[in-house]
Amino acid sequence: MSEVATTHRYLPAIVTVSVIACFGLGYVGYSSTLPSGTRMHLINSESALMKLPVSPKEWAEARASQMFKAWETAERMSPSEAATVGMIDVYSLFPETYSCDKNNFVRLGGDLDGAKWTCGEYFKPAPGNCVAVSLGSNGQWQFEETILGHTKNDCTVYTFDCTGTWTPPHANIKFFPWCLGSDKIIDGRIYKTWDSITKDLGLTHVDYFKMDIEGFEWLALPPALDNLAQGGVLPKQIALEMHFWPQADGVAKPYRAASTKNGMDWVHPMINLFRKFYSLGYHVGAAEYNHLSSPYGCCQEFTFVLV
């Protein structure tokens, strides 16, 4: 049996062991790959015995290090091999690496499609200085109204959607017929980079960023994350829905799901995209299947926190 075939055969088990070792048991076993004398080394060798205080960020980094190893294993598969991996196993490659305070873990936007899990400890804006961004609207305002309710109307929500024009139901909701992309107009629709959006509106910080654009995240996210890496305004929390259906034209090759004789390869583009988030300091704080799609079907909700 080839190395690739062996990797594919045991991928679910490898992922499961990594998740149990890192997340289920609450600690990471000693690893000789971690430099002796570093804080990460001490987490692995002693924290299970409660000998050392360990910060949430250090725990998140320890969990992420195990996840990265699972990614390296998965990346050895060819696109054709990866296409045979079931969606439940694809999702399991991207677990929560930051443990949100469950006493402050709230769902904003209701209970149906469009609602987002929120780490409360990362959504405590200063009075009179709350800024939230909602990308994707279609004239539905439940998410925005929930943000206002959660903050007692002490927040300004900027909503963007270039597919139409709608009147917001509240003065604290500001609507702009823009989409996230390059600075250009295509078929009469206005696209702006994240840098242009924040500069045009004078935004120096963003407390919460929500994205639900029905599959176009594969087109919009990579350049936006590149923009952030160059010094753009980093949202403290990003909540988005990832869609796993035919992608729009123009998706860059590293993020394009390859079509193979076995189906679509979502493993490699997901890893490539999530590496960008982690390189910026984000960690997954919430991961949930979209329960309105048939089991493990089209969509997965993620919330990233800037740890």
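The values are calculated or read from the model by the stated rules, or taken from the named source; none is laboratory data. It should be emphasised that the depicted structure is a prediction, and the values quoted were computed from it without experimental measurement. Cβ sites come from the backbone with ideal geometry, for glycine too, and all protein chains shown count toward neighbours.
Do we find a residue being of a type in the set (A, V, I, L, M, F, W, C), at pLDDT 90 or above and under 16 Å from the mean Cα position of the chain (by Cα) anywhere in region 245-264?
No, because not a single residue in region 245-264 is of a type in the set (A, V, I, L, M, F, W, C), at pLDDT 90 or above and under 16 Å from the mean Cα position of the chain (by Cα).
Which members of region 64-107 meet the condition of being farther than 30 Å from ASN262 by Cβ and touching a Gly at 6+ places or on another chain (Cβ under 9 Å)?
If the condition is that a residue be farther than 30 Å from ASN262 by Cβ and touching a Gly at 6+ places or on another chain (Cβ under 9 Å), then TYR98, SER99, CYS100, ASP101, ASN103, ASN104, PHE105, VAL106 are the ones that fit.
Could you pull out the residue among LEU228, LEU203 that is buried (at least 17 other Cβ atoms within 10 Å of the Cβ) and touching a residue at least 40 places away in the same chain (Cβ under 8 Å)?
LEU228
Within region 207-230, is even one residue assigned to a loop (DSSP other than H, G, I, E, B) and more than 18 Å from the chain's Cα centre (by Cα)? Walk me through how you get there before you give the answer.
Initially, region 207-230 is screened for residues assigned to a loop (DSSP other than H, G, I, E, B), giving 207, 212-216, 230.
Next cut, more than 18 Å from the chain's Cα centre (by Cα) only: 230.
Yes, the conditions are met somewhere in region 207-230.
If VAL305 meets every condition in (1) more than 14 Å from the chain's Cα centre (by Cα); (2) not in a helix (DSSP H, G or I) apart from one, which number is that one?
The number of the failed condition is (1).
Have a look at GLY120, GLY109 and point out the one that is touching a helix residue (DSSP H, G or I) at 6+ places or on another chain (Cβ under 7 Å), touching a residue at least 12 places away in the same chain (Cβ under 8 Å), crowded, with 20+ Cβ neighbours inside 10 Å and not hydrophobic (A, V, I, L, M, F, W, C).
GLY109 is the lone residue from the list that is touching a helix residue (DSSP H, G or I) at 6+ places or on another chain (Cβ under 7 Å), touching a residue at least 12 places away in the same chain (Cβ under 8 Å), crowded, with 20+ Cβ neighbours inside 10 Å and not hydrophobic (A, V, I, L, M, F, W, C).
Can you pull out the residues in region 142-175 that are assigned to a loop (DSSP other than H, G, I, E, B), surrounded by 13 or more Cβ atoms within 10 Å (Cβ to Cβ) and of a type in the set (Val, Ile, Thr)?
THR151, THR163
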